[in-house]
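Reviewing the structure listed below.
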Amino acid sequence: MFEFEKKILLTKTEYDYLRSDERFSKRLSLQKNYYYDTEKHELNELGITCRIRERNGKYKATLKAHQPDIENFSIETSGEAENERDLSFFKNMALLFQGELDTYRINYIPQKNIRISLDENIYLSTIDYELEIEYNPKEEKTAARILNDIANDLLTAGIIKNKEEFIKRAENAKSKSERFFEKKYYKKY
């Protein structure tokens, strides 16, 4: 599966403002990501994430390859897992459990092939917030327009001072797994 997304790390103030927006459903869901890597974290160094995600009591194992040459693009392969420790999908990869990231998510689906998620992520003594716009590649312009509309809303409300700077943050936002592994391997907490 191919995944295209625009992602922006949010401040708590930006998150709280968007969280109060009526477009987002009030139904909060929890998904747990269990991350795995080799002992020397070689996969993470290559931009490959191995995770098992638990949502609604179901488990899905995913191998995700981030594509650094193509902005906002990754390739995923997935399969079912019995539980958060079932590594059968990742055959012969010598993986070790690295930790867990919990995401409290609110979704808004403005149209077919586009989903906007507002996330609160908790991992390794850290809480961060993000806005994700996932879209079919044919909807790139629509996704950009939605991001622009959200930036306009934040600007009008006085939450941000510069719309262009806010939108530019989408170019540099790291994925959940990148932030998790950066915190785990390179920063003390």
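Are any residues in region 47-93 modelled with pLDDT under 95, at negative phi and surrounded by fewer than 11 Cβ atoms within 10 Å (Cβ to Cβ), and if so, which ones?
Pro68, Asp69, Glu71, Lys91
When you look at Ile109, is it open to solvent by 20 Å² or more (accessible area, probe 1.4 Å) and hydrophobic (A, V, I, L, M, F, W, C), yes or no?
Yes, satisfied.
Identify the residue in region 117-139 that is among the polar types (S, T, N, Q) and not in a strand (DSSP E or B) and, among all such residues, is farthest from Lys184 (Cα to Cα).
Looking at residues that are among the polar types (S, T, N, Q) and not in a strand (DSSP E or B), I get Asn136.
Using beta carbons and a limit of 7 Å, which pairs, at least six apart or on different chains, have the first residue in region 135-162 and closer than 16 Å to Ala173 by Cβ and at pLDDT 95 or above and the second one in a helix (DSSP H, G or I) and open to solvent by 60 Å² or more (accessible area, probe 1.4 Å)?
Leu154/Tyr17
The values are calculated or read from the model by the stated rules, or taken from the named source; none is laboratory data. Just so it is clear, the structure is predicted and the values come from calculations on it, not from any experiment. Cβ: placed from backbone, ideal geometry, glycine included. Neighbour counts: every protein chain shown. For accessibility, only protein heavy atoms count, side chains too; no ligands or nucleic acids. Shrake-Rupley method; radii C 1.70, N 1.55, O 1.52, S 1.80 Å.
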